[in-house]
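Encoded as structure tokens, the structure appears first; notes follow it.
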Amino acid sequence: KTNGRTYYSGIIRDITVRKESEQRLRQSLDRFQFLIDHASVVLWETDPAKNQILYISPSFERIWGRPISDLYRAPRLWLEAVHPEDRPRVLHAALTKQAIGTYQEEYRIVRPDGMIRWIRDRAYPIRDSSGFVSRITGMAEDITYQQELLTAHQLSEQRAQLASAAAELGVWEWDRAAGRFFCSARVMSFLGQPDEARTLSQEEILSLIDPADQSSLRAVWAETF
């Protein structure tokens, strides 16, 4: 205050860089939250004894078909959702392997609508400054689609084997990089060998073929491969 007048002084600072950084951070967090909300992976965190849910990502409701609020209220609800045939194995693994970081299980869950989903669950211990395991964090991934593909492939293989056996067909495959044939048990029996699948080189196969047919077989191989 000078000569009866009051003066004010201030500082103007350029905070453009800070504001831009804050905006990028918000955008990054928004993208991360979007991925968490819509991914086929459930992020979770519990106490080591599995008596308290510390965090569960929103995708739990979509995959498990159950409200998150129910899980917070009853932490063992996750175990009740595990298929009865898988439940004892999963519970034992959770209580013995999660705290040491070796937990990785695949199991089925049964949703309230009766739908069965396949889950791949992994967990890691979080230790405090004294080295004590204070909480367990993990990721539960919905692998139902992969399991369905695997099952379909296995069924296809079984059907092919049954069809080959019924038609008395032998199956072989040529590994060009290794230069060797995989011969099914039926092929080996055709060649007068023990009835079991084997991997053979061209020369080993030729040694089992009538000499009169070896040159024609070589020509067929050359044309085919």
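The values are calculated or read from the model by the stated rules, or taken from the named source; none is laboratory data. These numbers were taken from a predicted model, which means no experiment stands behind them. Quick reminder, even Gly has a Cβ in these numbers, built from the backbone with ideal geometry, and neighbours come from all protein chains shown. For accessibility, only protein heavy atoms count, side chains too; no ligands or nucleic acids. Shrake-Rupley method; radii C 1.70, N 1.55, O 1.52, S 1.80 Å.
Things to note:
- Condition met for F181 (more than 28 Å from the chain's Cα centre (by Cα), of a type in the set (A, V, I, L, M, F, W, C) and at pLDDT 90 or above): no
- Test: residue in the range 30-42 that is at pLDDT 90 or above, surrounded by 10 or more Cβ atoms within 10 Å (Cβ to Cβ) and in contact with a Phe, Trp or Tyr (Cβ under 9 Å, 6 or more places away or on another chain): yes
- Residues in the range 115-147 that are at pLDDT below 90, within 23 Å of W78 (Cβ to Cβ) and not aromatic (F, W, Y): I143, T144, Q146, Q147.
- Some residue of the range 103-117 being open to solvent by 60 Å² or more (accessible area, probe 1.4 Å) and assigned to a helix (DSSP H, G or I): no
- Members of the range 130-150 that are surrounded by 15 or more Cβ atoms within 10 Å (Cβ to Cβ) and farther than 20 Å from Q52 by Cα: E141, D142, I143, T144, Q147
- The set of residues in the range 181-197 being in contact with a helix residue (DSSP H, G or I) (Cβ under 8 Å, 6 or more places away or on another chain), open to solvent by less than 90 Å² (accessible area, probe 1.4 Å) and outside any helix (DSSP H, G or I) consists of F181, C183, S184, L191, P194, A197.
- Residues that are in contact with a strand residue (DSSP E or B) (Cβ under 7 Å, 6 or more places away or on another chain) and either surrounded by 10 or more Cβ atoms within 10 Å (Cβ to Cβ) or not in a loop (DSSP other than H, G, I, E, B) (or both) within the range 203-225 comprise just one, I205.
- For the range 1-18, filtered to residues that are modelled with pLDDT under 75 and not β-branched (V, I, T), the residue that is least open to solvent (accessible area, probe 1.4 Å) is G4.
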